[in-house]
Amino acid sequence: MMDVKEIREYLPHRYPFLLVDRVTELVLGESITAIKNVSANEPFFNGHFPDKPVMPGVLIIEAMAQAAGILGFKTQNKKPSDGSIYLFVGVDNVRFKRQVVPGDQLELKVDYVSDRRGIWKFQCSSFVDGKLAASASILCADKKV
């Protein structure tokens, strides 16, 4: 549904911090499914860990938050170029269930929960081969820049 060129219109992130490669499904105001292809040449694998590369949990959370940001921007019909940005302001109930390693395709599923006074809440999960890798409730703030 969205390739990386269009994703860049909705996320201000760039390499090496753009962690969404493709959006496969989007229902405005409800949900998004996106993909992060995990490559062996990701810069974080040099130090995490050289002999047993594992994607850092904080980056899995960041990938889910970026997918949430796309859902929020698309739902409001806004882009960062309009002077708006989603800031990651909170995370609750984080759970890691399996390691994510080079060659994995991380499927990011995000459901809209609520928004109040510019704070959006999303329920997020990530999967590898249909198995839960991580989940969290994520809060993002819609701010003018």
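The values are calculated or read from the model by the stated rules, or taken from the named source; none is laboratory data. Everything quoted here is computed from the prediction, not taken from an experiment. Ideal geometry is used to build each Cβ from the backbone, glycine not excepted, and the neighbour counts take in all protein chains shown. With ligands, DNA and RNA removed, areas are computed over all heavy atoms of the protein, side chains included. Shrake-Rupley method; radii C 1.70, N 1.55, O 1.52, S 1.80 Å.
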Along the Cα→Cβ direction, 7 angstrom out, place labels at Phe88 and His13. What is the inter-label distance in nm?
0.7 nm
Could you sort out which of Lys52/Lys131; Lys5/Lys144; Lys5/Lys97 sit more than 26 Å apart by Cα distance in this structure?
Lys5/Lys97
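Of the heavy-atom accessible surface of the chain (probe 1.4 angstrom), what whole percent is carbon and sulfur?
50 percent
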Measure nothing fancy, just the Cα-based angle from helix 57-76's long axis to the longest principal axis of the chain, in degrees from 0 to 90, nearest 10.
30 degrees
At the level of C-alpha centres, the distance separating the stretch 46-97 and the stretch 98-122, in angstrom, is 7 Å
Stretched out fully, how many nm does the piece from Arg117 to Phe44 gain, at 0.36 nm a residue minus the Cα gap?
22.7 nm
Could you work out which residue, out of Ile35, Ile119, Ile61, moves most in a Gaussian network model of the chain, that is, has the largest mean-square fluctuation with Cα springs under 10 Å?
Ile119
Counting heavy atoms of the protein chains only and a 1.4 Å probe, report the per residue accessible area for the chain as a whole number of Å².
53 Å²
Would you mind calculating the gained length between Ile35 and Asp129 on full extension (0.36 nm times residue separation, minus the Cα-Cα distance), in nm to one decimal?
32.7 nm
Ranked highest first by the average count of other Cβ atoms within 10 Å around their residues, in what order do 97-104, 133-140, 50-57 fall?
133-140, 97-104, 50-57
